[in-house]
């Protein structure tokens, strides 16, 4: 009852692309099975095909949400690739602070919150190191998974999550122990107060989010078709303040997708600046 025919896989792939833009491509049945089989017991559904049909029928909103959550949840790291966070300290924060003290940032597809909190830690370190008075960084983290958003808002992480890219020094400075014997750590309030997490689908309009100085959308576009990538990047352009920056993943590029940005080669890495 856990088999998945080519026909149902194709229907589900089309459904997922319409709902959230993700392109599964061919021969990813193993991925669908690994993500959705655990939901069969939770929803008392005996067949994987039935589970998918019910999720696509819109009759069971809870199941539909759980299926999309399962298919869009991705693992992430603290300070992933390092260089984007170094650029914040070495280039972007100093440049923006010459003009204003309030810096608005967006961590798009924020998964379980590591990126947004990493940005907040960098901002805190920069402010203390440079003794910047009045510096105010606000980070909006968005995701399509309500499960991930709950994780983000709590800011509580287990030993495994904390071992992925987080130094002992930063654990000491920015986390406090959860008093339940679990060994988990929680992000301190000084970091948490810089963040705000909310549900947002990257296929929707960004008008309600306001304007940003810097947008992080890293290792997300790889899951979308070229058409959807182009739509998202051009919407990012509309969500940036003049001279704002877009930071993508190390293997991602906007070449051929948008003409609204100048590519800036850094050492290392590439970032995109909104054209005047």
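Quick notes
- Placing a label point 7 Å from the Cα of residue 164 along the Cα-to-Cβ direction, the residues of segment 21-39 with a backbone N closer than 16 Å are 35.
- Of the residues 117, 30, 157, the one that moves most in a GNM of the chain with alpha-carbon contacts below 10 Å is 30.
- Largest GNM mean-square fluctuation across 215, 37, 68, computed for the chain with C-alpha springs under 10 Å, falls on 37.
- Computed from Cα atoms, the angle from the helix 226-239 axis to the main principal axis of the chain rounds to 40 degrees.
- On Cα atoms only, tilt of 6-20 relative to the major axis of the chain in degrees: 30 degrees
- Between the helical axis of 114-130 and the longest alpha-carbon principal axis of the chain there is an angle of about 10 degrees.
- Per-residue extension of 0.36 nm, minus the Cα-Cα distance of residue 259 and residue 193, leaves a gain of 20.2 nm for this segment.
- When the chain is treated as a GNM with alpha-carbon contacts under 10 Å, the residue of 207, 55, 239 showing the greatest mean-square fluctuation is 207.
- Prolate/oblate/rounded call for segment 103-245, Cα gyration tensor, a/c under 1.5 rounded: oblate
- Prolate/oblate/rounded label for the chain (Cα gyration tensor, a/c 1.5): oblate
Just so you know, all these numbers are worked out from the coordinates, no wet-lab data involved. A quick note: this is a predicted structure, and the numbers were derived from the prediction, not measured. In this analysis, Cβ positions are derived from the backbone assuming ideal geometry, glycine residues included, and neighbour counts consider all displayed protein chains.
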